[in-house]
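What follows is calculated from the coordinates using simple rules that are stated; it is not laboratory data. Just so it is clear, the structure is predicted and the values come from calculations on it, not from any experiment. Cβ: placed from backbone, ideal geometry, glycine included. Neighbour counts: every protein chain shown.
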């Protein structure tokens, strides 16, 4: 099965693309986005903003700056920065990220817990729905890696695989 879980920092994962649970404006202020920008460089945010607005349910690719991946896939879970969202936003953002990866011939992808920070979605709910969607795509990728920044998020991903 090409679905894996790693505990740690998504910016250190060696793969074709990592997913940024973005906002529609492309701004990368806090959470996973802020870390990606801090480590990878502001050119990632500049390119994302230049391609905005990015609707929830769609995704775009940008350069990865100094990250060890080739691309960052920006899949908005929210329209505005730092707002609470519903679980459906996590589902459609996860699907959009995977569809964007396929369109760009990406074979290995790392995905964080979408919506589990400022979005306010529980780790359990996000992991369950994200894994369910990934299972529909697993035969189209060499590797789908769910990245849990915390041990409890990594465990939730493992539980649902």
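Of note:
- Only helical runs count toward this figure. For the chain, summing -39,500 (n - 2.57) over DSSP H runs of n ≥ 4 and dividing by all residues gives -12000 deg cm²/dmol at 222 nm.
- Proxy reagent accessibility, fewest Cβ within 10 Å first, across 156, 129, 6: 6, 129, 156
- Taken over the chain, the percentage of Cα pairs per 5 Å bin, counting from 0 up to the bin with the maximum distance, is 2, 11, 22, 26, 23, 13, 3, 0.
- The gain in end-to-end length when the residue 79 to residue 122 segment is fully stretched comes to 13.6 nm, 0.36 nm per residue minus the alpha carbon separation.
- Rounded to the nearest 0.05, the FRET efficiency derived from the C-beta distance between residue 88 and residue 51 at R0 = 30 Å is 0.80.
- Rounded to the nearest 5, the antiparallel percentage of DSSP beta bridges internal to the range 1-139 is 25%.
- Going by neighbour counts of Cβ atoms within 10 Å, the residues 160, 74 line up, fewest first, as 160, 74.
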